[in-house]
Each structure stands twice: as C-alpha cells, then as structure tokens.
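Report on the following structure.
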Amino acid sequence: MKNKLLSGGGIITALLASLCCITPVLAVLGGLGGIAATFSFLEPLRPYLIGMTVIVLGYAFYKAYYPKRKTEIECACETDEKPIFINSKKFLWIITAVSALLITFPYYSKALFPAGKENVVIVQSDNIVKAEIHIEGMTCTSCENSVDFALQSENGVIRESSSYKTGIAKVEFDKSKVTEEQLKKAIEGKVGYKVKNIERISN
C-alpha cells in the first residue's frame with residue numbers, strides 16, 4: 001500500500017512539473033488555444049516539483065529494495081504470498097519511466113510537431129518585413145516550439161524564432177501575404193498567449 005501511494009505521489013508531482021510545458025503543445029496540436037497559459041503559474045514551482053518527484057520516487061525505491069528484516073519477511077509470508085502488480089517493483093519502474101518522460105518533455109516536444117513548410121517564394125524583396133513580437137506567457141522551450149509552429153502555419157511567414165527567456169518572437173514575413181494582425185491572431189488563437197505588441201525592425 002505504501003509503495004502504491006509513493007508511486008502515485010511521484011507521478012502526480014511529475015505531471016504538475018510538466019503541465020506548464022505540455023499545455024501549449026496541446027493547445028496548438030489539439031486546437032485548444034485557451035488552455036495554453038492555464039498552468040503557466042506552475043513554472044516557478046517546476047524545480048521544486050521535480051525535486052519532490054525525485055525524493056518521493058527515491059524513497060519508494062528505498063522501501064522496495066532495502067534489505068528487509070527477518071521479522072518483516074515472516075510477516076509478509078503469513079499475509080501475502082505475492083504482491084499485486086500495482087505494489088510491485090515493475091510498476092515502480094514504469095512510474096519512474098513515465099515521470100522521467102513528463103519531466104523532460106520540454107526537451108523533446110519539438111518532435112511532436114509536423115515538419116515545417118518549405119520557404120515561401122517572394123516576388124518582390126520590398127515586401128519582406130522583419131518584426132519582433134512581444135508575448136506574455138512563454139515559460140519554456142515547449143512554448144517556443146508552439147509559438148514557432150503557430151507562426152509557420154501562416155502563409156507568408158518566411159522564418160521565425162522565439163525565445164521564452166526574452167518573451168520575444170522574431171519573424172520575417174511577406175507583408176503582401178500576411179499582416180501583423182494575422183500573426184497576432186495566430187499566436188493568441190492557436191496557442192493562447194497574449195501578444196503585447198509587434199515592432200517592425202528596419203533592415
């Protein structure tokens with residue numbers, strides 16, 4: 001019973017630690033733009049939740065593998081011949097693997113997005129515009145990938161690169177095919193983050 005509670009605690013803290021990174025990806029791929037920023041408040045707590053996950057699972061492994069005293073072995077024999085799967089060491093390893101996948105989600109989330117489109121052919125170079133989009137709500141690399149994908153989906157976008165550290169997405173686009181307002185709607189509608197302003201950069 002204790003192992004089951006410890007394993008459950010580990011998976012819950014791992015899930016909480018990764019929610020702020022998973023929801024932007026779900027927002028873009030699942031068309032659920034409104035949920036992207038829902039769990040962004042958890043981002044400052046992420047290191048503590050990861051630490052808690054490690055401690056909980058570490059203690060669960062200690063309880064599962066530490067040498068048992070003779071009296072504990074005799075008691076176990078009298079009450080239970082074989083532990084059920086949810087209390088087994090195999091289940092603990094599965095929970096640990098799932099927790100690791102959840103915690104490391106930001107580092108492989110880009111692989112979940114479809115391959116980017118080919119570069120747009122520009123007829124007139126005078127139509128090329130460079131801009132910086134200031135965004136509220138990005139907290140990790142998953143957020144960057146989601147914003148980049150939302151911008152890529154707009155016809156006329158040539159290249160894009162966002163940073164959660166600065167809260168800025170740099171974009172180059174053909175102004176005859178897409179407007180700043182359309183780029184703003186793509187981010188706010190598909191990802192759910194608020195665009196504060198868009199500044200054009202002189203070439």
Could you say whether any residue in the stretch 189-200 is at negative phi and in a helix (DSSP H, G or I)?
yes
Checking the condition more than 27 Å from the chain's Cα centre (by Cα) and at pLDDT 85 or above, which residue from Lys130, Lys63 passes?
Lys130
Before we move on, is Val178 closer than 22 Å to Pro106 by Cβ and modelled with pLDDT of 90 or more?
no
Give just the number: which of (1) modelled with pLDDT of 65 or more; (2) over 30 Å from Ile50 (Cα atoms) does Glu81 not satisfy?
(1)
Top-ranked residue in the stretch 149-191 [being free of Cβ contacts under 8 Å to residues at least 12 places away in the same chain and not polar (S, T, N, Q); ranked as surrounded by the most Cβ atoms within 10 Å (Cβ to Cβ)]
Lys185
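The rows are residues; the columns are (1) more than 14 Å from the chain's Cα centre (by Cα); (2) on the phi > 0 side of the Ramachandran plot; (3) in a loop (DSSP other than H, G, I, E, B); (4) modelled with pLDDT under 90.
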{"residue": "Lys110", "(1), (2), (3), (4)": "no, no, no, yes"}
{"residue": "Lys117", "(1), (2), (3), (4)": "yes, no, yes, yes"}
{"residue": "Val120", "(1), (2), (3), (4)": "yes, no, yes, yes"}
{"residue": "His134", "(1), (2), (3), (4)": "yes, no, no, no"}
{"residue": "Asn145", "(1), (2), (3), (4)": "no, no, no, yes"}
{"residue": "Asn155", "(1), (2), (3), (4)": "yes, no, yes, no"}
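The values are calculated or read from the model by the stated rules, or taken from the named source; none is laboratory data. Computed from a predicted structure; not experimentally measured. Note: ideal-geometry Cβ built from the backbone for every residue, glycine included; neighbour counts use all protein chains shown.
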